[in-house]
Amino acid sequence: AHRAAATPIVIVGHVDHGKSTLIGRLLYDTDSLQDGKLAQIVESSRKRGLTVEWSFLLDSLQIERDQGVTVDSTRIPFRLGSREFVIVDAPGHRQFLRNMITGAADAEAAVLVVDAQEGAQEQTRRHAMLLRLIGIRHVIVLLNKSDVLGFDESKIVQAESDVRQLLGRLEIEVEAVVPASARDGDNIASRSERSAWYKGPTLIEALANVPPPASRLALPFRMPVQDVYRFDGVRYVAGRIERGTVRAGDRLTIGVQGQIATVAEVCRWHAPELPVAGAGESIALRLEPDLVPDRGDLLFPADDKAAAPERSARIRTRLFWLRGEPLRVGESFTLRLTTAEHDVTVASIDAVVDLDDLTLRQGDEVPPDGFAEITLAASHAVLFDPFSPGFGDGRGVLVDRHQRIVGGAPLIGSADLEDGVHAIH
Ligand code: GDP
């Protein structure tokens, strides 16, 4: 049986609007803190003559994170009844962005924290844009520090309408706008008496309403080849199943070459007695005939055209450009997509997002740290599934020749050769 996965959420917002305070409050109110840790925080707050200061909690998590050198994203689990959530947090804006687009953070829902009095600020707008571009479907707005406005209905309704207008322009659907105080705990886990006029959900109710992540098991089978090895004279093709299921007898197409083989045996470390392996599992397949695919080759169902991935040498991507210098047409990179690496060239820059007014415009370069839609030309046909939230396999990363990540590139479709305005030579 496949256990329901934890729903990953991100908490974003302008600096000082109350992100850290909210995380501490959420963990406390859902009783997700280890006893020792809570006592520690309460103790250190008391010593300083303070009520519990939630950001201390985050500081202590930060220390743990600094010690785990390779971990650049903290995953903070908490429970709501039978649902498990995990807050994905990262130190610093760049790191956060990097994690979001490389898949280190694959959030299903976001809480956008907005200071009720200050309203949306520069980072609020950037983060909202990011949520839109990365395709996070469920956005909950927390109008934090509503205590500062005394939970005054007319002021809060005004603040709500301002935020809704901003998010509406970005075509972000808002699940709920919750007037709250993370510091005092109003409308986080329990309904606040200070906002008797408010009939909407508490933050925790709004989170509980977020549907669990879609199952990848029901989709057509996909496994990118990680490795091919021999064991006792028998060849095995190893990889992680991205989508769907596989069992002995299935007929699979292998990579762009399109050879076809039948699965003779499915091998897995755990539960070897079960005949079917599914998305998320790392397995090894014995194929007949005994073919030798390359690392990066995609395996998919052979007998159903509708179950095949897209195939094109020209790919549209939604680019998150991470370098401090502009990107121009003609530059070359390696596109890393699951276990595959493809040589690509920027064929055209189709639209650039203007971060001041959040509109798409024409442009011949992507500015430093900008967002854009671009077309990549690969040296050969690439098999891929367009990106959708919660799926890592439609999300590419661009690396330069020093192996540095320079951009995140969720693939959004193939581009016909005919519509290429800028020819490649
Ligand atoms: P971050 O930069 O978004 O993580 O913001 P912090 O959580 O560090 O909060 C910034 C400041 O706002 C701190 O001094 C908090 O105590 C304060 N703060 C956070 N939430 C609230 C709230 O609900 N009401 C009030 N009055 N202050 C808050």
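Annotation note: of Val148, Val163, Val157, the sole residue that is within 12 Å of the ligand (Cβ to nearest atom), in a helix (DSSP H, G or I) and on the phi < 0 side of the Ramachandran plot is Val148.
Of a type in the set (Lys, Arg), within 21 Å of Ile134 (Cα to Cα), assigned to a strand (DSSP E or B) and touching a residue at least 12 places away in the same chain (Cβ under 8 Å), is that true of Arg336? Yes: the conditions hold for Arg336. Does Asp304 meet the test of being touching a strand residue (DSSP E or B) at 6+ places or on another chain (Cβ under 8 Å) and of a type in the set (D, E, K, R)? No, not satisfied.
Screening the stretch 18-136 for helices (runs of 4 or more DSSP H) wholly inside it with 3 or more residues that are more than 16 Å from the ligand (Cβ to nearest atom), more than 19 Å from Phe371 (Cβ to Cβ) and modelled with pLDDT under 60 returns the ranges 54-67. Filtered by the rule that a residue be under 12 Å from Val148 (Cβ atoms) and touching a Leu at 6+ places or on another chain (Cβ under 7 Å), the stretch 110-124 gives Ala116, Gln117. Remark: pairs (first residue in the stretch 8-21, touching a residue at least 24 places away in the same chain (Cβ under 8 Å) and over 24 Å from Gly392 (Cα atoms); second residue part of a strand (DSSP E or B) and within 7 Å of the ligand (Cβ to nearest atom); Cβ separation under 7 Å; 6+ apart in sequence or on different chains) = Gly13/Val113; His17/Val113; His17/Asn144; Gly18/Val113; Gly18/Asn144; Lys19/Gly13; Lys19/Val113.
Taking the residues in the stretch 153-168 that are closer than 19 Å to Leu360 by Cβ and touching a helix residue (DSSP H, G or I) at 6+ places or on another chain (Cβ under 9 Å) as candidates, determine which candidate is surrounded by the most Cβ atoms within 10 Å (Cβ to Cβ). Here the residue is Leu167.
Can you find, within the stretch 260-301, the residue that is modelled with the lowest pLDDT among those that are farther than 21 Å from Val234 by Cα and touching an Asp or Glu at 6+ places or on another chain (Cβ under 8 Å)? My answer is Ala279.
Among the residues of the stretch 223-240, those identified as surrounded by 15 or more Cβ atoms within 10 Å (Cβ to Cβ) and farther than 21 Å from Lys305 by Cβ are Val225, Gln226, Val228, Arg235, Tyr236, Val237, Ala238, Gly239, Arg240. Here Pro220, Pro201 are screened, and the one residue that is at pLDDT 95 or above and surrounded by fewer than 17 Cβ atoms within 10 Å (Cβ to Cβ) is Pro220.
May I ask you to verify whether Leu319 is closer than 21 Å to Ala409 by Cα, of a type in the set (A, V, I, L, M) and surrounded by 13 or more Cβ atoms within 10 Å (Cβ to Cβ)? Yes; evaluated as a whole, the condition is true for this residue.
The values are calculated or read from the model by the stated rules, or taken from the named source; none is laboratory data. Quantities reported herein were computed from a predicted structural model and do not represent experimental measurements. Glycine also receives a Cβ, built like all others from the backbone with ideal geometry; neighbour counts cover every protein chain displayed.
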